[in-house]
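This report refers to the structure that appears directly beneath it.
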Amino acid sequence: MMAAIPSAHCDEIVTGGLDAAETGYSLGPNLLVNGDLRSGLQGWTLNPGCFSLDGSGDNASLKLQIPCAQPYPNARNDLKCPPGLYTISAEIKTQSSITIPKRLGGSQIKLLAIPARKWAMTKVRVGTTDWTPVMKAHADVADGSVGTFMADTVGPVGGTTWFRKLFLGREIPSLLQTYLLYPNYRGMMFSDQSQVARVAIEVKPTADMSMAQLHVTLAVTDPAGKVLATNRLTPPANGSTVATIDMASLPPGQYRLQGYLEGPGGKTIFTPSSYTIVKAGIETRAKLKAWIDPDNIIHMGGRPRFVIGLYDTTGFGLRPDVYTPRLTAIAKAPINLMINYFIANGRADVIYPYTKAMEPFGIFYLATVSAFFPEMPAYPRWAKAGNDSADDVIAQYAKGLADDSRVVGYYTCDECASERQPRTFHQYSLIKKYDPGSIAFAVENFPNEYQFWRDTVDVLGLDPYVLGTHFPESYVGDATRNVIAAVHGARPVWTVIQFLRLSSLSHFPTEQELHDMSWMAITEGARGVFYWSYGLRGLDWGPRDPVLRQQRYDELVNVTKGISALEPVLLAPDSPVLSANSAAGTIITKEKNLSDGSRYLISYNHSDGTVSASFTLQRPAHSVSVVGGESRSIAPEPGGSQFKDTYAAFQAHVYKID
């Protein structure tokens, strides 16, 4: 077993953040018509040749027998859900006596929204000979749509399924939600940064409350509970505001920031979860392997970075030279951060040689822990054999990697549904305890659930794969913008770009598509881009063709080199360059006016048609160059205050203006 790469010891570092997981909502009553089936089949539309009522009273259930007279049988409840967020749940039991020649399907419940053609479904259940609960939170019925609750199956299914205790309830927001905007990294308030905490406040009174009757108080206390600072405010009519509380006079240490909703007479009527804020000096920050600054930029290797990341899938070995050839090929692109699904067996000694091999290439690593839950198929075999708990696994893993300076964090969730959020939050608390100088990263693909993850990780990701779907390419930009809005622009967002053929009906992304999707995400505010993936199902998917494989990777090399060349620009704060954009709303822009006098305009066409745009500058230009993967020049209009260019459908351009 190799020794870990040395790093500053973080044993004495204490971090903060949200103190306890909270759902942010409560559930209303069951809205289904006869969801408990006590009234027989009243309120349900179904094919009696497939479904029947089994049992009565508390034991009543819907019984589905397959095969039956209907190819795709379902039971629909008569309830018509108006727009909103709902939780659906049930208990399911199955019994199969039919051999299915293909991959098994299963039974599920879902909420279908029409005409939006969106659905939220539980995980399928098959082979569950006893009653098994299923649940899906944040099932969304969009504005203009109506939701229908269904019990059905998916994929090849045979035998008998029973459904009971069917439930649909509206999610009712908490009376008060507080969200710590700053400090934005684990509650760490460093001495060379602002000493004023900022908190987003959302008040949602019930129908019998008046906003004018309510007040919100923020209080900072020491570990003994002594109140050191307060801010009491009346929420605006819409209930949304940002409050501040000055902590400049407080010495270094741990503090608790608590919000309270007060009703008439100053009586506390709701208390959300508190935050821990840790005031610390820059000498503490110097010990961290990675951290996030107030501009949502990650610092790793001692400097700020714009993340250019890559997913890979390899076997593992115990010597660096096992990995060096593949990393040499990968490093043709300026990759600075990697995730590897297959090196995720919970043993730190497997990671050390991998990160040692990364060191000459300047690559850092996020260790995958997204499957560190006992019921998951990829839970480490040694942990299953030894009956080790999930807490034990993550504790020993984080302890083992804490001193590896190339392991800057952990990949905690890969497209997880919100039902995993509370357990992932607990895992995050263990990571902060045992490897405080790190970051946690999760990728989600449920658009209406991002707000529930914003205090569960340090960096939130999304993977808007569009090629081969009904979504337009511009959805990459839309989705990135929506996630940034969900975190109030107060946490980093990294966008995972499609570097795979999604299905037999799609195609592998072209260099132009990789370029455009990457810059769309950047234009909308992504602080990093990842690419999925260099390995299985990605670059290695399909018939083996080394020439084509290398050609495709070379295209990614070109795109990422164009991004990397502009890293200082991407790390600089946004500042105005334009006074007018003739295609505003269609041509989306990000502007950079640097201290050395140079200016940059990052942009993309949101539409699927060709667009000509004229840009008016705040100050004249001598020349305009198209960079970021392109190499051409544009002559400004006479006087230098304007220049024009044309965009193909969904095309991105980056301009350097001198």
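Determine whether the stretch 121-140 contains at least one residue that is in contact with an Asp or Glu (Cβ under 7 Å, 6 or more places away or on another chain) and of a type in the set (S, T, N, Q). Let's see the steps before the verdict.
Restricting attention to the stretch 121-140, the residues satisfying the condition of being in contact with an Asp or Glu (Cβ under 7 Å, 6 or more places away or on another chain) are 131-133, 135, 137-138.
Going one step further and asking which of them are of a type in the set (S, T, N, Q), we end up with 132.
Scanning the stretch 121-140, I find at least one residue that is in contact with an Asp or Glu (Cβ under 7 Å, 6 or more places away or on another chain) and of a type in the set (S, T, N, Q), so the answer is yes.
Going through Y553, Y604 one at a time, which residue ends up being touching a residue at least 12 places away in the same chain (Cβ under 8 Å), assigned to a strand (DSSP E or B), open to solvent by less than 20 Å² (accessible area, probe 1.4 Å) and not aliphatic (A, V, I, L, M)?
Residue meeting the stated conditions: Y604.
Are any residues in the stretch 519-548 assigned to a helix (DSSP H, G or I) and either exposed (fewer than 15 other Cβ atoms within 10 Å of the Cβ) or touching a residue at least 60 places away in the same chain (Cβ under 8 Å) (or both), and if so, which ones?
At the first step, the residues of the stretch 519-548 found to be assigned to a helix (DSSP H, G or I) are 519-523, 546-548.
Scanning the stretch 519-548 gives W519, M520, I522, T523, P546, V547, L548.
Checking A417 against (1) buried (at least 24 other Cβ atoms within 10 Å of the Cβ); (2) in contact (Cβ under 8 Å) with a residue 60 or more places away in the chain, only one condition comes out false. Which one?
A417 satisfies all of (1) buried (at least 24 other Cβ atoms within 10 Å of the Cβ); (2) in contact (Cβ under 8 Å) with a residue 60 or more places away in the chain except (1).
Which ones in the stretch 584-601 are touching a strand residue (DSSP E or B) at 6+ places or on another chain (Cβ under 6 Å) and part of a loop (DSSP other than H, G, I, E, B)?
Passing the criteria: only T586.
Here are some residues: G49, G43, G24. Which one is modelled with pLDDT under 95, over 30 Å from K399 (Cα atoms) and over 31 Å from the mean Cα position of the chain (by Cα)? Explain how you work it out, then say what you get.
Details: G43 fails: modelled with pLDDT under 95; G24 fails: over 31 Å from the mean Cα position of the chain (by Cα).
The conditions single out G49.
Out of the residues in the stretch 613-658 that are basic (K, R) and assigned to a strand (DSSP E or B), state the one that is surrounded by the fewest Cβ atoms within 10 Å (Cβ to Cβ). Walk me through how you get there before you give the answer.
Taking the stretch 613-658 as the starting set, the residues that turn out to be basic (K, R) are 619, 632, 644, 656.
Those still in the list that are assigned to a strand (DSSP E or B) too: 632, 644, 656.
On the way: R632: 10, K644: 14, K656: 19.
By that ranking, first place goes to R632.
Within the stretch 466-491, count every residue that is without any contact (Cβ under 8 Å) to a residue 60 or more places away in the chain, open to solvent by 40 Å² or more (accessible area, probe 1.4 Å) and assigned to a loop (DSSP other than H, G, I, E, B).
4
Among residues belonging to the stretch 433-464 that are open to solvent by 10 Å² or more (accessible area, probe 1.4 Å) and of a type in the set (A, V, I, L, M, F, W, C), point out the one that is farthest from T480 (Cα to Cα).
Among those residues, the one meeting the criterion is F452.
Looking only at the stretch 26-56, filter to residues that are in contact with a Leu (Cβ under 6 Å, 6 or more places away or on another chain) and closer than 12 Å to L168 by Cβ; which one of those is most open to solvent (accessible area, probe 1.4 Å)?
L31
Scan A60, A90 and give me the residue that is over 39 Å from the mean Cα position of the chain (by Cα), open to solvent by less than 50 Å² (accessible area, probe 1.4 Å) and among the aliphatic types (A, V, I, L, M).
Details: A90 fails: over 39 Å from the mean Cα position of the chain (by Cα).
Matching residue, one of A60, A90: A60.
Residues in the stretch 502-515: is at least one on the phi < 0 side of the Ramachandran plot, open to solvent by 40 Å² or more (accessible area, probe 1.4 Å) and aliphatic (A, V, I, L, M)?
yes
So which residues in the stretch 564-587 are of a type in the set (S, T, N, Q) and surrounded by 14 or more Cβ atoms within 10 Å (Cβ to Cβ)? It would help to see each step written out before you state the result.
Our first condition is that a residue be of a type in the set (S, T, N, Q); within the stretch 564-587, this holds for 564, 575, 579, 581-582, 586.
Those that are of a type in the set (S, T, N, Q) and surrounded by 14 or more Cβ atoms within 10 Å (Cβ to Cβ): S564, N581, S582, T586.
From the list I339, I343, I335, which residue is open to solvent by less than 20 Å² (accessible area, probe 1.4 Å), at pLDDT 95 or above and not in a strand (DSSP E or B)? Working first, answer last.
Working: I339 fails: not in a strand (DSSP E or B); I343 fails: at pLDDT 95 or above.
Only one candidate passes the filter, namely I335.
If you check R170 against the conditions, is it over 22 Å from G24 (Cβ atoms), open to solvent by 30 Å² or more (accessible area, probe 1.4 Å) and either assigned to a strand (DSSP E or B) or modelled with pLDDT of 95 or more (or both)? Give the derivation first.
Working: over 22 Å from G24 (Cβ atoms): no; open to solvent by 30 Å² or more (accessible area, probe 1.4 Å): yes; either assigned to a strand (DSSP E or B) or modelled with pLDDT of 95 or more (or both): yes.
When the stated conditions are applied, R170 does not pass them.
Taking only pairs six or more apart or across chains, which ones have beta-carbon atoms under 6 Å, a first residue in the stretch 124-135 that is closer than 17 Å to V154 by Cβ, and a second residue that is part of a loop (DSSP other than H, G, I, E, B) and open to solvent by 60 Å² or more (accessible area, probe 1.4 Å)?
Note: pairs meeting the criteria are V126/L104.
In the stretch 107-125, is there at least one residue being modelled with pLDDT under 90, in a loop (DSSP other than H, G, I, E, B), open to solvent by 10 Å² or more (accessible area, probe 1.4 Å) and in contact with a strand residue (DSSP E or B) (Cβ under 6 Å, 6 or more places away or on another chain)?
Initially, the stretch 107-125 is screened for residues modelled with pLDDT under 90, giving 115-119, 123-125.
So of that shortlist, the ones also in a loop (DSSP other than H, G, I, E, B) come out as 115-117, 123-124.
With the extra rule that they be open to solvent by 10 Å² or more (accessible area, probe 1.4 Å), the set shrinks to 115-117, 123-124.
Those left that are additionally in contact with a strand residue (DSSP E or B) (Cβ under 6 Å, 6 or more places away or on another chain): 124.
Checking the stretch 107-125: at least one residue is modelled with pLDDT under 90, in a loop (DSSP other than H, G, I, E, B), open to solvent by 10 Å² or more (accessible area, probe 1.4 Å) and in contact with a strand residue (DSSP E or B) (Cβ under 6 Å, 6 or more places away or on another chain).
Pick from the stretch 235-249 the residues that are exposed (fewer than 12 other Cβ atoms within 10 Å of the Cβ) and small (G, A, S): which of them is farthest from the chain's Cα centre (by Cα)?
It comes out as S249.
Give just the number: which of (1) part of a helix (DSSP H, G or I); (2) open to solvent by less than 10 Å² (accessible area, probe 1.4 Å) does R423 not satisfy?
Here R423 meets the rest and fails (2).
Would a scan of the stretch 634-641 turn up a residue that is at pLDDT below 95 and closer than 30 Å to V557 by Cβ? So that I can check it myself, show each step before the final result.
Taking the stretch 634-641 as the starting set, the residues that turn out to be at pLDDT below 95 are none.
There is no residue in the stretch 634-641 that is at pLDDT below 95 and closer than 30 Å to V557 by Cβ.
Quick one: count up the residues across the stretch 517-539 that are at pLDDT below 90 and either among the hydrophobic types (A, V, I, L, M, F, W, C) or over 26 Å from Y475 (Cβ atoms) (or both).
Adding up the residues that qualify gives 1.
Please tell me if A139 is touching a Phe, Trp or Tyr at 6+ places or on another chain (Cβ under 7 Å), within 21 Å of I66 (Cβ to Cβ) and surrounded by 17 or more Cβ atoms within 10 Å (Cβ to Cβ). Break it down into steps so the answer makes sense when it comes.
Numbers: touching a Phe, Trp or Tyr at 6+ places or on another chain (Cβ under 7 Å): yes; within 21 Å of I66 (Cβ to Cβ): no; surrounded by 17 or more Cβ atoms within 10 Å (Cβ to Cβ): yes.
Spelling it out, it is not the case that A139 is touching a Phe, Trp or Tyr at 6+ places or on another chain (Cβ under 7 Å), within 21 Å of I66 (Cβ to Cβ) and surrounded by 17 or more Cβ atoms within 10 Å (Cβ to Cβ).
K561 - would you say it is assigned to a helix (DSSP H, G or I), open to solvent by 20 Å² or more (accessible area, probe 1.4 Å) and basic (K, R)?
Details: assigned to a helix (DSSP H, G or I): yes; open to solvent by 20 Å² or more (accessible area, probe 1.4 Å): yes; basic (K, R): yes.
Yes, satisfied.
Does T610 meet the test of being of a type in the set (V, I, T) and open to solvent by less than 60 Å² (accessible area, probe 1.4 Å)?
Values: of a type in the set (V, I, T): yes; open to solvent by less than 60 Å² (accessible area, probe 1.4 Å): no.
So T610 does not fit the description; no.
The values are calculated or read from the model by the stated rules, or taken from the named source; none is laboratory data. Note that the structure is a prediction, hence the values are computed from the model and not measured. With ideal geometry, Cβ positions are generated from the backbone for all residues, glycine too; neighbour counts draw on all protein chains shown. Accessible surface is based on the protein model in full, side chains and every heavy atom, while ligands, DNA and RNA are left aside. Shrake-Rupley method; radii C 1.70, N 1.55, O 1.52, S 1.80 Å.
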